[in-house]
Amino acid sequence: MAIQLNERDLLIFKLISEHQVLLEKHIAWFISGEDKPVLIRDRLRKLFYLDYLLCQRHNSKLPWWTTPTKPLVYMLSPISRSISETTGESIDLFDSEVQRHFLEVANIRMVCLVAKRAGEIEDLNWITCKANGDVPNRLDAVVTLTIKGEARKVGIINNPNYERLQQASLAACFTGDSVDIIGIVSRDENHQEAVRKQLLQYGDNFDLQKVLMITHHNLYKSGITKACWNSAKCETINLFDGSPSAACNSIPWHQDTNQIHAASA
């Protein structure tokens, strides 16, 4: 049975093309704009049944996913790739670790949207970065946040291989991508500590106050505007103006996920 594709369907294809894989809740938030996130489950199921979307249950446990069943992940099918003029991917989108990375980036976008809806930020512009051919992307996203009329351009790096966080690559984010600050989001405190030690190697040759770190858990708990972002020198830095902030304690990663404002909220 064929269906008439509407503007929302095409927007769904565009969003999945941008993020590679998305959960139902991501899609609902991203297409809702200023309004309350809409229920689109039936439409996604129909698009799947008619081969416009691929759908599977994520294969591994996600710490921030609170329901007993594993989440459904949506991807573009060959038909929708053709409609949205999206080329095929060289990476395996069915790999659970690949999916987890993309889902975490989408969670960060959701955290920003939650802050915008709450009035904590005035405007939000999100750009998901993609690799250019065989050249890997330096950033996972570039997000411009406006607070009190001042715009702040933040480069987001999600749970990177810390050994690849080279000084030249980070410097290129400021010159080539024109970001004001880089935010590195880690999956846990151990990874964040490894990132911190890597950054400390650059010493006085690099402004370490412009590269800030946080864990996913702390970001979900506190939100983009209230979370404590730390420099490699263990300073707490204000994400929006780069100034030192009052010290605040990080929240250890416990499985208290009831308050996490991510895709499972």
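The values are calculated or read from the model by the stated rules, or taken from the named source; none is laboratory data. What you see is a predicted model; the values in this text were computed from it and never measured. FYI the Cβ positions are ideal-geometry reconstructions off the backbone, even for glycines, and counts take in every protein chain you see.
Is it the case that some residue within region 22-34 is in a loop (DSSP other than H, G, I, E, B) and within 30 Å of E150 (Cβ to Cβ)? Within region 22-34, one or more residues are in a loop (DSSP other than H, G, I, E, B) and within 30 Å of E150 (Cβ to Cβ).
With respect to S77, determine if the residue is closer than 22 Å to R43 by Cα and more than 16 Å from the chain's Cα centre (by Cα). Taking the combined requirement at face value, the residue satisfies it. Looking at Q255, Q259 in this structure, which one is within 30 Å of P68 (Cβ to Cβ), more than 20 Å from the chain's Cα centre (by Cα) and modelled with pLDDT under 90? None of the others qualify; the one that does is Q255. Residues that are within 23 Å of L23 (Cβ to Cβ), within 21 Å of the chain's Cα centre (by Cα) and modelled with pLDDT of 75 or more occur at least once in region 225-238.
Residue under question is K46, and the condition is that it be more than 30 Å from E122 (Cβ to Cβ), modelled with pLDDT of 90 or more and in contact with a His (Cβ under 6 Å, 6 or more places away or on another chain); does it hold? Let's see the steps before the verdict.
Numbers: more than 30 Å from E122 (Cβ to Cβ): yes; modelled with pLDDT of 90 or more: yes; in contact with a His (Cβ under 6 Å, 6 or more places away or on another chain): no.
No.
Listed here are the residues, each with its yes/no results for (1) surrounded by fewer than 19 Cβ atoms within 10 Å (Cβ to Cβ); (2) assigned by TED's automatic domain parsing to the domain that holds N137; (3) modelled with pLDDT under 95; (4) not in a helix (DSSP H, G or I).
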{"site": "S60", "(1), (2), (3), (4)": "yes, no, yes, yes"}
{"site": "P63", "(1), (2), (3), (4)": "yes, no, yes, yes"}
{"site": "V73", "(1), (2), (3), (4)": "no, no, no, yes"}
{"site": "S80", "(1), (2), (3), (4)": "no, no, yes, no"}
{"site": "T86", "(1), (2), (3), (4)": "yes, no, yes, yes"}
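For every residue, the table says whether it meets (1) among the polar types (S, T, N, Q); (2) crowded, with 21+ Cβ neighbours inside 10 Å; (3) assigned to a strand (DSSP E or B).
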| position | (1), (2), (3) |
| --- | --- |
| A171 | no, no, no |
| S178 | yes, no, no |
| G183 | no, yes, yes |
| Q198 | yes, no, no |
| Q209 | yes, no, no |
| H217 | no, yes, no |
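Residues of region 92-119 that are surrounded by 16 or more Cβ atoms within 10 Å (Cβ to Cβ) and of a type in the set (F, W, Y): F102 alone. Selection of first residues in region 101-113 that are within 13 Å of W65 (Cβ to Cβ) and of second residues that are small (G, A, S) and surrounded by 22 or more Cβ atoms within 10 Å (Cβ to Cβ), restricted to Cβ pairs under 6 Å at least 6 apart or on distinct chains, gives the following pairs, ordered by first then second residue: N107/A262; N107/A263. Against the definition (assigned by TED's automatic domain parsing to the domain that holds F30, surrounded by 13 or more Cβ atoms within 10 Å (Cβ to Cβ) and basic (K, R)), how does R152 come out, yes or no? It is false that R152 is assigned by TED's automatic domain parsing to the domain that holds F30, surrounded by 13 or more Cβ atoms within 10 Å (Cβ to Cβ) and basic (K, R).
Take the residues of region 143-169 that are free of Cβ contacts under 8 Å to residues at least 12 places away in the same chain and part of a loop (DSSP other than H, G, I, E, B): which is farthest from the chain's Cα centre (by Cα)? Across region 143-169, the extreme among qualifying residues is Q166.
Restricting A172, A227 to those that are touching a helix residue (DSSP H, G or I) at 6+ places or on another chain (Cβ under 6 Å) and in the same structural domain as A118 (by TED's automatic domain parsing) reduces the list to A227. The C-beta contact set for region 120-142 (first residue buried (at least 16 other Cβ atoms within 10 Å of the Cβ) and assigned to a loop (DSSP other than H, G, I, E, B), second residue at pLDDT below 95 and of a type in the set (K, R), distance under 9 angstrom, 6+ apart or interchain) comprises C129/R138.
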